[in-house]
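Written out below as structure tokens is the structure these notes cover.
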Amino acid sequence: MVGIVADDLNSNAMHDSILDFAPSSTFTVSFALALIAGVLLKVWLTVRQIRYVAQHRNQVPSAFQSSITLSNHQKAADYTTVKAEIGLLELTLGSTVLLAWTLLGGLSALNVTLLQWLGGGMRQEIALLASFVLINGLIDLPLNLYQTFVIEERFGFNKMTIRLWIIDLIKSCAVGVIIGLPIVALVLWLMAAAGDRWWLMAWGVWSGFNLLLLLIYPSYIAPLFNKFLPLKDEILKARVTALMQRCGFTAKGLFVMDGSKRSAHSNAYFTGFGMAKRVVFYDTLLAKLSADEVDAVLAHELGHFKHGHIIKRIVSMLALSLIGFASLGWLGARLWFYQGLGVQPNLDAPNDGLALLLFLLVTPVFSFFMAPVLSIFSRKHEFEADAYAVAQTSGMNLASALLKLYQDNASTLTPDPAYVKFYYSHPPATERLARIMV
């Protein structure tokens with residue numbers, strides 16, 4: 001890719017720039033219009049969500065009046081509203097930062113500064129990526145702290161201390177450097193050395209890396225942040241094992257995670273891949289659900305495996321990433337891609353780091369409009385997993401378990417329908433329970 005860009009930036013650079021002005025300006029306008037349209041759409045959806053939840057705040061839906069109190073319904077409404085309002089603040093901040101990095105010249109200025117300090121080459125490109133991540137992290141830090149120690153605290157969910165939060169941050173940074181730095185360096189090397197088809201090799205490396213993470217995450221990374229103890233309740237263990245055998249499922253172990261040291265939210269999940277699969281229950285979940293309800297929740301998760309949802313999602317992720325790498329390979333060789341986003345590419349140094357960062361910044365602006373399609377498939381998978389759970393256990397137990405989870409996590413029972421189409425990976429409670437109880 002570097003060689004291709006260099007051809008555009010030779011001694012006839014002025015002539016090339018004139019020829020490239022039209023596509024550069026066209027791309028600038030396209031990017032700006034997509035960003036504006038996306039922001040307006042997100043604001044419209046969020047305002048709809050806030051208004052819709054507020055309109056239904058003072059009355060529990062009839063289907064839930066026997067199981068959800070008005071006070072809990074109002075708590076969920078207030079929690080949803082506050083999170084939506086914070087989302088608007090995040091949207092404003094994120095859009096401003098995006099413009100600062102691109103059209104206002106922030107990324108170009110950072111790149112030039114590092115070139116002056118370090119010269120061109122791999123060292124400068126890694127420094128560019130690391131600096132970008134560090135600056136973005138510092139910008140996001142105050143809002144993250146506010147969400148954890150003000151919003152989550154206000155609604156009784158936060159269990160973290162400042163000390164634990166700092167320890168988590170240090171561990172996350174260390175893991176990011178140890179795991180992320182080598183893969184980034186390898187991708188940059190391929191971009192520079194592997195010719196026009198570098199993107200295909202880089203995609204293969206990235207795919208293998210992600211599949212490897214699925215294997216090593218449960219045993220080596222997750223335990224850095226939480227304790228995972230074997231399930232000790234012998235009665236529950238026997239029930240869960242029998243259910244798994246009945247469903248033809250095997251796992252490396254049944255574990256209880258100390259989620260309560262960070263949050264009062266509840267969950268259960270499968271993690272890992274192949275022989276490394278684990279069943280993990282939050283300790284908060286086991287404290288709130290009966291054995292029958294735990295069976296139903298586990299059967300739902302088993303339903304995802306039985307219907308091949310996990311494999312389908314992995315294949316989809318790999319396919320989308322292939323399209324992404326191919327797009328990056330094409331865009332990175334176009335002068336207008338850089339200039340259209342407010343960046344002047346290097347004349348005598350690699351532009352791979354710049355291309356990678358610009359692609360990561362721009363892709364979400366355009367891909368957001370695909371959200372309803374992706375959400376449809378995700379909600380379809382959840383319905384299928386629910387149906388499997390009902391066939392294997394009991395619809396009543398699954399419904400009661402879900403109601404407890406909705407209540408304990410302060411999930412609103414009355415989301416705005418349009419908001420659901422864009423943002424909900426799971427069906428809203430009314431639709432989900434209606435199908436379960438048929």
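Points to keep in mind about this one:
- Taken along its three principal axes, the alpha carbon spread of segment 151-254 comes to 59, 43, 23 Å, from the longest extent down to the shortest.
- Relative packing of 253-262, 81-90, which averages over residues the other C-beta atoms within 10 Å, highest first: 253-262, 81-90
- ³J(HN,Hα), Karplus 6.51/-1.76/1.60, whole Hz, each residue of segment 136-141, x for Gly, Pro: 4, x, 5, 5, 6, 4
- Using the Karplus relation 6.51 cos²θ - 1.76 cosθ + 1.60 with θ = phi - 60°, the per-residue 3J(HN,Hα) values for segment 217-222 come to 4, x, 8, 10, 9, 4 Hz, with x marking Gly and Pro.
- Under conditions of 4 °C and 1.567 mPa s, segment 223-309 yields 98 µm² s⁻¹ as its translational diffusion coefficient, taking Rh as the Kirkwood radius over Cα pairs in the Stokes-Einstein equation.
- Karplus-derived HN-Hα couplings along segment 104-119 (A = 6.51, B = -1.76, C = 1.60, θ = phi - 60°), whole Hz, x at Gly and Pro: 8, x, x, 5, 5, 5, 5, 4, 5, 4, 5, 5, 5, 6, 10, x
- The alpha carbon gyration tensor of segment 87-185 gives principal lengths a ≥ b ≥ c with a/c of 1.5 or higher and a/b no greater than b/c, which makes the shape oblate.
- Of all DSSP-defined beta bridges confined to the chain, some 60% are antiparallel rather than parallel.
- Folded to 0 to 90 degrees: helix 371-392 orientation relative to the chain principal axis, Cα: 30 degrees
- Over all orientations, segment 346-401 has a Cα convex hull whose mean projected area works out to 6.4 square nanometres.
- Solution diffusion estimate, µm²/s, Stokes-Einstein, segment 318-428, Kirkwood Rh from C-alpha pairs, 10 °C, viscosity 1.306 mPa s: 90 µm²/s
- Globularity index of the chain, i.e. its alpha-carbon radius of gyration over 2.2 N^0.38 Å: 1.10
- In straight-distance terms, cross-link reach from residue 252 covers every one of the lysines whose alpha-carbon lies under 21 Å from its own, apart from those fewer than eight places away in the same chain; here that gives 227, 232, 237, 277, 306.
- Amide H contacts of residue 346 (H built 1.01 Å from N, in plane; Pro and chain starts excluded): no residue 5 or more places away or on another chain comes under 5 Å.
We did not get these values from a lab; they are worked out from the coordinates using the rules stated. Treat the numbers as computed from the prediction; the structure is a model and nothing was measured. Please note: Cβ atoms are built from the backbone with ideal geometry, for glycine as well, and neighbour counts cover all protein chains shown.
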